[in-house]
Amino acid sequence: MNKPLIITILIAIMTFAFNKADAQADTLINFCAQHIPSSYISDGQVYQAAIAKDETAEFHVTFYGGTTYRVAACAGLNDGNLLFTVRDSEGNEIFANVDHKNAPYWDFQFASTVDCNIEAMLDDLAPDSGFAILLIGFKN
């Protein structure tokens, strides 16, 4: 085979693989968005990471005092596939959904502004997509 043909085939394969991964992530984002009702306004970001069963994704978020937030977490098309823990900047646990039957979302309100880390990992017992998706909304 000639070199230009091989390069063209490789580019086509990579493009197909990337488009398939994007389509899967879009499906998960849409599924996760069902947990952010219209009474909440999206913060405009999609927090996502490709992770394996033994990995943890970490997202840094600032929550402003006096505001009610909802964090929705998904890793597949079934609720409860993603375990997430919210910690303050000093590592103190604020919330862990594993303590609440792997709840796919939770509402928070902070008295003052807090910088947090949200750690997310796949539930070993649940089917997953390999993507961790977090969406955050706040009440108007």
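The values are calculated or read from the model by the stated rules, or taken from the named source; none is laboratory data. The model shown is predicted, which means the values in this text are computed figures rather than measured ones. Note that each Cβ is placed from the backbone with ideal geometry, even for glycine, and that neighbours are counted across all protein chains shown.
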Quiz item: Name the pairs: first residue in the range 108-128 and on the phi > 0 side of the Ramachandran plot, second residue outside any loop (DSSP other than H, G, I, E, B) and modelled with pLDDT under 95, Cβ to Cβ under 8 Å, at least 6 apart or on different chains?
Solution: none
Quiz item: In the range 70-128, how many residues are hydroxyl-bearing (Ser, Thr, Tyr) and under 19 Å from Leu28 (Cα atoms)?
Solution: 1
Self-check item: For Gln48: the one exception among (1) among the polar types (S, T, N, Q); (2) buried (at least 19 other Cβ atoms within 10 Å of the Cβ); (3) modelled with pLDDT under 85
Solution: (3)
Quiz prompt | Condition check for Asn102: over 15 Å from Val46 (Cα atoms) and either in contact with a strand residue (DSSP E or B) (Cβ under 9 Å, 6 or more places away or on another chain) or buried (at least 17 other Cβ atoms within 10 Å of the Cβ) (or both) | solution = yes
Quiz item: Does Leu82 qualify as being surrounded by 14 or more Cβ atoms within 10 Å (Cβ to Cβ) and over 20 Å from Ile36 (Cβ atoms)?
Solution: no
